Amino acid sequence: MQYVSTRAAASAAASSSQQFSDILLGGLAVDGGLFLPASYPQVTGAELDAWRQLSYADLAYEILKKFATDIPDADLRALTAKTYTKEVYKNARKGEKASQITPLRMLEEGENGTKLMLQALSNGPTLAFKDMAMQLLGNLFEYTLTKQNAQLNIFGATSGDTGSAAEYAMRGKKGIRVFMLSPHKKMSAFQTAQMFSLQDPNIFNIAIEGVFDDAQDMVKAVSNDLPFKAQQKIGTVNSINWARVVAQVVYYFRGYLSATTSNDQKVSFTVPSGNFGNICAGHIARMMGLPIAKLVAATNENDVLDEFFRTGVYRVRKSAETYHTSSPSMDISKASNFERFIYDLVGRDGDRTRALFQKVETHGGFDLSGKPGADGDEFKQVVKYGFKSGKSTHEDRLNTIRDVADDYGIVIDTHTADGIKVARENLEPGVTMIVLETALAAKFNETILDALGEDAERPEGFENIEDLPQKFVVMPPDVEKMKAYIAANTGL
Ligand SMILES: *Cc1c(COP(=O)(O)O)cnc(C)c1O
């Protein structure tokens, strides 16, 4: 399997292609594009039938095998078997089986033939769906680095979910250190405790005296010093990482196969969306031939994606126009994986894709509506790819959390609430709608208290997490001090 950049000129595509292991540890392609397979591997009906019975780990192996063709089969099987275990994904709700990894629950069967289901993706160590991919990434990184006898120092900034998922995936891994910046005293007590209670010697929590943007700016400044970056072997694990996207493809197959008994049955997915990483994996599953009817992107008040799927206009927002909401992991004004879908939408034309995303930098967006003066008319093709969208507000979240507690007896988190609100608007008779549950309620307890007047239940082991000893350093937003700190701790 060869990979190409979404911005590769037609003439360059063949010569610059790379394999899975070549792009695993990197971020963007050198031309600034994102990596995608040169063509999507296809699945047959016979494969789907056979896969229906597989465990999650075995299914992950079958799917990853199609993308990571340069990893020996036995090694890949060992990596997926080690990652997708009921011990790692142990935080299932009562009545759900941890061994299923992403258990599916029927919420409602309507009289008119509609079905609404919830697929739990948040049973991993940090109680959010990012563990689904990040845990695999940790094992893949360790495997690759050991083979190359190399080291990697992951450097990033977080306001919550991504940083903790990365730390829990990389803790104790050979050849890897994590330097994670977060805004000092700005995260919730639960999130802070989750990260700072890690005592592993390869995890460095750095609380920056400032806001998230200050931490983010530090990461950019350090990463722009290319000699330092090379010498200190600095890398990232952000959401454009291809291995993260492909690991997420697996649970769309699992959801479809668990919800159906034969491949002529139709399933749609609603996905609480921010950076478009999760739903991009759904798009890839559909392109591989998984019979997905609709892919519905649910946004919060930060509705860049909903606007595009309604109008064909992609208009990114400035930081000042990005709202802080009660579904904070979707407070995103520029969807970093969106370029992967646009590349397919414009017929895999790298020159077009490059021009459109350069226009995002210079003019803040592009317009594919086909109206006079637009940059193209490909918006009319969107329906062919099954995409729909909807938006949910704070009020909607509170109402949905209450409704779901009353109607189905379970407490959902704020991001999942955005998903259920939008899913309900997109139900169709004869089509099962699966909402992806992207976090557990315990992580966003403040809003649960507002909605229900009581605390969200915490999974076993998380009861007193705030009381555990914490390991972190506090630093000013000073780039030189940061570099010195990293160098002192890597010894490189
Ligand atoms: C990251 C995240 C999202 C958004 O996922 P994207 O891949 O960025 O679209 C939604 N919900 C939760 C809880 C998250 O952590």
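The values are calculated or read from the model by the stated rules, or taken from the named source; none is laboratory data. These numbers come from a predicted model, not from an experiment. Here the Cβ positions follow ideal geometry from the backbone for every residue, glycine too, while neighbour counts run over all protein chains shown. Only protein heavy atoms, including side chains, enter the accessible area calculation; ligands, DNA and RNA are left aside. Shrake-Rupley method; radii C 1.70, N 1.55, O 1.52, S 1.80 Å.
Here are a few things to note about the model shown:
- Scanning the stretch 139-160 for residues that are under 15 Å from the mean Cα position of the chain (by Cα) and either crowded, with 24+ Cβ neighbours inside 10 Å or away from the ligand (no atom under 14 Å from the Cβ) (or both) yields a total of 1.
Per-residue answers, yes or no, for (1) crowded, with 22+ Cβ neighbours inside 10 Å; (2) more than 16 Å from the ligand (Cβ to nearest atom):
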site	(1), (2)
TYR314	yes, no
SER329	yes, no
ARG352	no, yes
LEU356	yes, yes
GLY365	no, yes
ASP375	no, yes
GLY386	no, yes
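- Helices (runs of 4 or more DSSP H) enclosed by the stretch 175-240 - at least 1 residues per element that are charged (D, E, K, R) and modelled with pLDDT under 90: 212-224
- Filter result (under 27 Å from GLU167 (Cα atoms) and either of a type in the set (S, T, N, Q) or part of a loop (DSSP other than H, G, I, E, B) (or both)) within the stretch 102-130: THR102, PRO103, GLN119, LEU121, SER122, ASN123, GLY124, PRO125, THR126, LEU127, PHE129
Table: residues versus (1) farther than 26 Å from GLU87 by Cα; (2) without any contact (Cβ under 8 Å) to a residue 60 or more places away in the chain; (3) surrounded by 15 or more Cβ atoms within 10 Å (Cβ to Cβ).
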| residue | (1), (2), (3) |
| --- | --- |
| ASN426 | yes, no, yes |
| ALA439 | no, no, yes |
| PRO476 | yes, no, no |
| MET482 | yes, no, yes |
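- Top-ranked residue in the stretch 44-58 [being of a type outside the set (A, V, I, L, M) and outside any helix (DSSP H, G or I); ranked as least open to solvent (accessible area, probe 1.4 Å)]: ARG52
- The residues on offer are ILE234, ILE240, and the sole one that is more than 18 Å from GLY124 (Cα to Cα), open to solvent by 10 Å² or more (accessible area, probe 1.4 Å) and within 16 Å of the ligand (Cβ to nearest atom) is ILE240.
One line per residue, one yes/no per condition, for (1) of a type in the set (Gly, Ala, Ser); (2) in contact (Cβ under 8 Å) with a residue 60 or more places away in the chain; (3) within 24 Å of PRO37 (Cβ to Cβ):
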site: LEU305; (1), (2), (3): no, yes, yes
site: THR322; (1), (2), (3): no, no, no
site: SER336; (1), (2), (3): yes, yes, yes
site: LEU368; (1), (2), (3): no, no, yes
site: PRO372; (1), (2), (3): no, no, no
site: ARG397; (1), (2), (3): no, yes, no
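- Hey, TYR168 open to solvent by less than 10 Å² (accessible area, probe 1.4 Å) and either in a helix (DSSP H, G or I) or closer than 20 Å to ASN123 by Cα (or both) or not: no
- Test: residue in the stretch 218-231 that is surrounded by fewer than 24 Cβ atoms within 10 Å (Cβ to Cβ), among the small types (Gly, Ala, Ser) and in contact with a Phe, Trp or Tyr (Cβ under 8 Å, 6 or more places away or on another chain): yes
- Failed condition for LEU28, given (1) open to solvent by 60 Å² or more (accessible area, probe 1.4 Å); (2) in a strand (DSSP E or B): (2)
- Enumeration of residues in the stretch 444-459 that are in contact (Cβ under 8 Å) with a residue 24 or more places away in the chain and either open to solvent by 80 Å² or more (accessible area, probe 1.4 Å) or among the basic types (Lys, Arg) (or both): GLU446, ASP450, GLU457
- Candidate set from the stretch 425-443 (those that are more than 9 Å from the ligand (Cβ to nearest atom) and of a type in the set (Gly, Ala, Ser)); member that is nearest to ILE401 (Cα to Cα): ALA441
- The numbered conditions (1) crowded, with 20+ Cβ neighbours inside 10 Å; (2) away from the ligand (no atom under 16 Å from the Cβ); (3) in a helix (DSSP H, G or I) are all true for SER99 except (1).
- Single residue of the stretch 262-283 satisfying the filter (within 16 Å of the ligand (Cβ to nearest atom) and of a type in the set (S, T, N, Q)) that is surrounded by the fewest Cβ atoms within 10 Å (Cβ to Cβ): ASN275
- ALA133 vs. criteria within 13 Å of the ligand (Cβ to nearest atom), touching an Asp or Glu at 6+ places or on another chain (Cβ under 6 Å), assigned to a helix (DSSP H, G or I) and not charged (D, E, K, R): no
- Residues that are among the hydroxyl-bearing types (Ser, Thr, Tyr) and either free of Cβ contacts under 8 Å to residues at least 24 places away in the same chain or open to solvent by 10 Å² or more (accessible area, probe 1.4 Å) (or both) within the stretch 59-83 comprise TYR61, THR69, listed in sequence order.
- Condition broken by PRO37, with the remaining ones in (1) under 23 Å from GLY289 (Cα atoms); (2) without any contact (Cβ under 8 Å) to a residue 40 or more places away in the chain; (3) open to solvent by 10 Å² or more (accessible area, probe 1.4 Å); (4) not small (Gly, Ala, Ser) satisfied: (3)
- All conditions but one from (1) within 23 Å of PHE253 (Cα to Cα); (2) more than 15 Å from the ligand (Cβ to nearest atom) apply to GLU454; the one that does not is (1).
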